[in-house]
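No value in this document is a laboratory result; all are computed from the given coordinates. Computed from a predicted model, the values in this text were never measured in an experiment. Note that we place each Cβ from the backbone using ideal geometry, even for glycine, and neighbour counts take in every protein chain shown.
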Amino acid sequence: MPEIVLDNVSKKFGETVAADGLSLSIKDGEYVCILGPTGAGKTTCMRMICGLTQPDSGRVYLDGKDVTDDPVDTRNATMLTQSYALFPHMTVYDNVRFAPQIKGWAPEDIKQVVRSTLHMVHLEQKAEWMPAQLSGGQQQRIALARALASGSKVLLLDEPLRALDARLRINLRKELRTMAKQMGVTCIHVTHDQDEALAVADRIAIIRDGRIIQFGTPSEVFDDPATPFVATFVGRSNILTGKVVRSDGESTAIDVAGTVLLARPSPMEVGEEAVLAVKIGFTRISKKQEEIDAAYFTGTIDRVLYEGVTITVEINAGGLGLISSKLPNRKFDDYHAGDIVGVSWAPSKASVFRVPPEGLEKELKLE
């Protein structure tokens with residue numbers, strides 16, 4: 001199982017910077033998700049690993065070996081692209097068995113791997129169908145089965161579940177991670193779907209403008225974001241700006257429009273401009289008077305959005321702006337537009353950042 005290392009790689013396409021001194025180290029057998037907005041450099045990162053794109057500078061290593069200049073067919077890496085690239089003249093079964101057959105596997109081994117991968121993607125009954133007879137989602141699942149059956153030690157998946165309906169996508173992502181672990185492959189999975197990344201990854205790399213801005217476990221990325229952008233990109237966050245009025249080992253106190261709010265400890269100094277970010281699921285609200293009295297501030301509910309298992313309550317907090325709180329759906333009948341509520345959170349759940357040099361608006365903007 002090879003370790004993958006990108007060492008300060010850069011790549012430009014004309015004036016577009018797809019990788020800007022990008023460095024990433026992935027352990028043997030690790031399942032890593034690369035998460036970022038459109039145009040951040042996710043696909044370019046994977047293409048440089050498998051050899052389809054040559055970096056302008058920097059080096060690529062697989063299992064300690066410099067493969068930067070090696071051809072695609074020597075890297076033992078398979079990439080599943082968004083175009084599927086199925087052979088239109090071959091049946092589903094023949095598409096999936098193509099790679100192991102070319103590699104000279106024994107016939108019984110080929111049968112076993114084709115059957116198991118088709119079963120995993122729930123298409124064993126379509127083995128004799130042609131690609132043109134399949135829906136887009138079915139074609140994507142066949143392309144995924146073919147990639148899994150290749151026997152490669154590095155599996156690169158570019159939005160592998162994007163064309164599937166919600167229920168199948170949730171089921172398949174669990175099976176995909178399980179099979180990757182059972183097969184002992186090192187897997188890189190590119191996605192726009194943060195829930196997908198949080199559910200399947202050992203670690204998540206957040207990429208923006210061709211650079212990795214945070215690389216950590218799902219809980220680290222969600223609970224302890226490295227930047228305001230990560231705080232809003234992985235899980236919705238309330239963002240507030242103010243000035244530090246106290247900073248000690250217990251908490252950071254920030255004056256926002258005359259209201260003092262508490263966040264986790266930080267190295268920031270009194271008087272510094274600060275950005276406070278708290279996930280909407282960590283924001284507590286209450287209509288009980290004793291809890292309103294103890295809250296950080298009060299506001300008036302603007303609207304309540306029903307979202308299935310959860311609801312989002314949007315609160316007009318005057319000078320603090322619009323604050324959101326995510327609650328279980330059983331609370332749906334408890335809150336209504338016009339209600340006065342107190343708003344608070346545990347200081348340990350609120351992150352603190354210095355104001356980015358380029359300004360907060362640009363920091364939070366999705367390209």
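Is the chain rounded, prolate or oblate when judged by the Cα gyration tensor, a ≥ b ≥ c being the square roots of its eigenvalues, rounded requiring a/c under 1.5 and prolate requiring a/b larger than b/c? Prolate, since a/c reaches 1.5 and a/b exceeds b/c.
The calculated FRET efficiency for the pair Lys287 and Thr178, based on their C-beta separation and a Förster distance of 35 Å, comes to about 0.20. Karplus-derived 3J(HN,Hα) values for the stretch 314-327, using 6.51 cos²θ - 1.76 cosθ + 1.60 with θ = phi - 60°, are 9, 10, 7, 9, x, x, 7, x, 8, 10, 10, 9, 9, 9 Hz; glycine and proline are entered as x. Given a 10 angstrom Cα cut-off, can you work out which residue in Pro356, Pro55, Pro107 is the most mobile in a GNM of the chain? Taking springs between Cα atoms under 10 Å, the residue moving most is Pro107. In this structure the amide hydrogen of Gln214, modeled in the peptide plane, comes within under 5 Å of the amide hydrogens of Ile206, none closer than 5 places in sequence on its chain. Amide H contacts for Val17 (H built 1.01 Å from N in the peptide plane; partners 5 or more residues away or on another chain; cut-off under 5 Å): none found.
Between amide H atoms placed 1.01 Å from N, distances below 5 Å from Asp56 occur with Ser10, Lys11, Lys12, all of them 5 or more places distant or on a separate chain.
Sequence-distant contacts, meaning Cα pairs under 8 Å at least 6 residues apart, place the relative contact order of the chain at 15 percent. Karplus-based coupling profile of the stretch 158-165, in residue order and whole Hz: 9, 6, x, 10, 5, 8, 9, 5, with θ = phi - 60° in 6.51 cos²θ - 1.76 cosθ + 1.60 and x standing for Gly or Pro. The distance from the alpha carbon centre of the stretch 102-144 to that of the stretch 212-279 is 48 Å, rounded to a whole number.
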